[in-house]
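I have placed the structure first, in the form of structure tokens, so that the comments after it can refer back to it.
The values are calculated or read from the model by the stated rules, or taken from the named source; none is laboratory data. A quick note: this is a predicted structure, and the numbers were derived from the prediction, not measured. So basically every Cβ, Gly included, is an ideal-geometry build from the backbone, and we count neighbours across all protein chains shown. Accessible surface areas use protein heavy atoms only, side chains included; no ligands, DNA or RNA. Shrake-Rupley method; radii C 1.70, N 1.55, O 1.52, S 1.80 Å.
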Amino acid sequence: MKFLLFPLGNFGEKYEYTRHNAGRFVYNKLKEKKLLSEFLENKENNLEVFIPHTFMNESGQSLRDYIKNKNIEKENIIIIYDDKDLEIGEIRIAIDRGDGGHNGIKNIIENLGTKNFYRIRVGIAPVGTGKNGLIPPHGDIVQKYVLANFTEEEKNILSSNEVLTKVSDFIFKVINEK
């Protein structure tokens, strides 16, 4: 059974370290620390990675076109992406859910014709969100917030063993249990 790992983000150096590219950032750290080596280096494990050269909000068409001639079922797609409603470094797992207001996920659902795929949501909201009345960015400031670069503290949180282990453990679990 083939699986596809899809780290969601915007293409290009300009966006490489923006909060909206948290999915790609985490994937690059997993790769750098060789936490997915077992699956990426051994073709028998059937994990592919796809990183399109498109903007996030147009990634659904690229994904649809990529899997068209592959032996990958839509329900075996694992998408890693940013979630502005979760505190930085918090990880949530979901499957068969709506887009949650994320335009990249919305575009994927529209292009795949299903919401039945795995999601690894990577929190990018300020530290303390949900505590003491601090709420994640909403309204007009969302675009500015998600397209701003990570702070060094945020990079350190997303690069931490705790975050990377949660993400890699989930990927292993999905692949090994199906």
Taking placed amide H atoms and a strict 5 Å upper bound, the residues 5 or more places from ASP83 or on another chain that come that close are VAL122, GLY123, ILE124
For LYS70, the lysines lying under 16 Å Cα to Cα, once residues fewer than eight places off in the same chain are dropped, come out as LYS2, LYS43
With all protein chains present, the chain has a carbon and sulfur share of its accessible area (1.4 Å probe) in percent of 46 percent
Here FRET efficiency (C-beta to C-beta, ASN57 to ASN116, R₀ 25 Å, nearest 0.05) is 0.75
Violations at 28 Å Cα threshold for listed pairs LYS144/LYS173; LYS34/LYS115; LYS31/LYS68 -> LYS144/LYS173; LYS34/LYS115
With a ≥ b ≥ c from the Cα gyration tensor eigenvalues, square-rooted, and the rule rounded for a/c under 1.5, otherwise prolate when a/b > b/c and oblate otherwise, the chain is prolate
Here, trypsin sites (Lys or Arg not before Pro) of region 82-172 satisfying both criteria (DSSP loop; at most 14 other Cβ within 10 Å) are ARG97, LYS131
Residue separation between ASN46 and TYR17 times 0.36 nm, minus their alpha-carbon distance, gives in nm 7.5 nm
With the 1.4 Å probe rolled over protein heavy atoms, the chain has an accessible area per residue in Å² of 52 Å²
Contact order relative to length for region 5-82, counting C-alpha pairs under 8 Å separated by 6 or more residues, stands in percent at 51 percent
Simple spin-label estimate for LYS74/LYS33, 7 Å along Cα→Cβ, in nm, reads 3.4 nm
Note on the chain, DSSP bridge orientation, antiparallel percent to nearest 5 equals 30 percent
Any residue on another chain or 5+ positions along whose placed amide H is under 5 Å from the amide H of GLU48 is listed here as PHE3, LEU4, LEU5
From DSSP H assignment alone, runs of 4+ in the chain each adding -39500 (n - 2.57), the sum over residues rounded to the nearest 500 puts [θ] at 222 nm at -10500 deg cm²/dmol
Diffing region 74-82: the Karplus 3J(HN,Hα) column from phi (6.51, -1.76, 1.60, θ = phi - 60°), in whole Hz with x for Gly and Pro, holds 4, 6, 9, 8, 10, 10, 9, 8, 6
